Each structure stands twice: as C-alpha cells, then as structure tokens.
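Q: Below is the structure I would like to discuss, written out as structure tokens.
Rule-based calculations on the coordinates, nothing more; no lab input. Keep in mind it's a predicted model, so treat the numbers as computed, not measured. Neighbour counts run over all protein chains shown; Cβ positions are idealised from the backbone, glycine included.
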Amino acid sequence: MKSKPSGGGLVYSTEAGRMCPVCRQPIAQCTCGQKPAPKTDGIVRVSRETKGRAGKGVTLVKGVPLDATALTALGKQLKAACGSGGTVKDGVIEVQGDHVDTVIGLLQKQGYTVKRAGG
C-alpha cells in the first residue's frame, strides 16, 4: 500500500475561508502565488478566434500589462460592456462572440495602445 507524501496542511478555515497551501495565509492575503505583471511591449492585441471551440468565435485580448486581479476586473468590465460571457486564462481575456470593434473602442478609451491582430 502506497502512502501519499504529506504536503498537506490547512485548506479551509471557518474564520478566513480558503487558505493557500504554501504560505498558509488566506487566499485574499496570499503572497507566494502573486506574480508581477508580465513584461509586454505596451501594445494590447485584440483578435477573433474559433480554433478548438467547435466553430464558436471568441474575442481574445492579449498583452494587457496588468496583474492577475486587475486583469480579471478588466475582463469582467469588457464582458459586461459586450453583454456576453467569457473568462481570463493565462493572461488572456476571452470574450464570447465577435466583439473585436467594441473591445478595441473600450480599451482605447482607457488609454491603451490597441492593435487588431489576425485576419
């Protein structure tokens, strides 16, 4: 019988909610998983893609120089403005549907340098 290595620890606390398994701080106050904003060339690229999505188009926003929490907030704002769903994965905002023009306009109003990428 194999035993799992004990890397365990506190996962949830009734006082603080979810806990980080590495630094044992509440997730909201976790410092070990915080990554700084990625290095970019300062240009936000907006494109439309259907690859791997059964023909459904999504609008992709890449190269936004924000950290993970600010990127999630921007994604939420863009999804609300477009009236559709989406997600933020690996530093890329995905908005369901073809909303390239809308997203470009919103990002330019916020002061970003935006380019349309792809065909």
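Q: Hey, can you grab everything whose amide H is under 5 Å from the amide H of GLY97? Only 5+ residues off in sequence or another chain; H modelled, so Pro and N-termini drop out.
A: GLY57, VAL58, THR59
Q: Given axes a ≥ b ≥ c from the Cα gyration tensor, I'd like to know whether the range 36-111 is rounded (a/c under 1.5), prolate (a/b larger than b/c) or oblate. Working shown, then result.
A: Numbers: a/c = 1.59, a/b = 1.38, b/c = 1.15.
In terms of gyration-tensor shape, prolate.
Q: Another question, if that's okay. Toward the positive end of the charge dipole of the range 77-119, about the Cα centre and with charges on Cβ (Lys, Arg +1; Asp, Glu -1), which of GLN96, GLN108, GLY86 goes farthest?
A: Final value for the positive-end residue is GLN108.
Q: Roughly what % of DSSP beta bridges within the range 43-116 run antiparallel, to the nearest 5?
A: Numbers: 13 of 17 bridges.
That works out to approximately 75 percent antiparallel.
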